[in-house]
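Just below is one structure, and these are the notes that go with it.
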């Protein structure tokens, strides 16, 4: 599925940038953390889309005990995890848009710099 490949590529691009910063002895920037949050969200959304496709293609058999049922259940559970909730994505979007450029990430929120 194209959305899965795009999300994967985005995640790897973001993570390579984070690794390069760390290897250079630099701290991970607020922008990099924002991009990590957005990449996580995209991976989860793409996973849900792929699981929905498989579920529809398999019909009722997909909910019988087995790999498809377990994968579908676990993907839908992961997509509701607090680390990718819409508030975090919205906050990351505000930082990317430059609306909250005076803030830093603390846990799963952007707070004003001290």
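The values are calculated or read from the model by the stated rules, or taken from the named source; none is laboratory data. What you see is a predicted model, and the numbers here were worked out from it, not measured in a lab. Cβ coordinates were reconstructed from backbone atoms using ideal geometry, including for glycine residues, and neighbour counts include every protein chain displayed.
Scanning the range 1-25 for residues that are assigned to a helix (DSSP H, G or I), under 13 Å from residue 49 (Cβ atoms) and touching a helix residue (DSSP H, G or I) at 6+ places or on another chain (Cβ under 6 Å) yields 3, 4, 7. Residues satisfying the criterion are absent from the range 33-45 (criterion: over 20 Å from residue 94 (Cβ atoms), out of contact with any strand residue (DSSP E or B) (no Cβ under 7 Å at 6 or more places or on another chain), in a helix (DSSP H, G or I) and free of Cβ contacts under 8 Å to residues at least 12 places away in the same chain). Residue count for the range 80-102 under the criterion of being under 17 Å from residue 47 (Cβ atoms) and either out of contact with any helix residue (DSSP H, G or I) (no Cβ under 8 Å at 6 or more places or on another chain) or at pLDDT below 85 (or both): the result is 7.
Among the residues of the range 86-114, the ones that are assigned to a strand (DSSP E or B) and touching a residue at least 24 places away in the same chain (Cβ under 8 Å) come to 4 in all. When restricted to residues that are exposed (fewer than 15 other Cβ atoms within 10 Å of the Cβ), farther than 15 Å from residue 4 by Cβ and in contact (Cβ under 8 Å) with a residue 40 or more places away in the chain, the range 46-85 contains 1.
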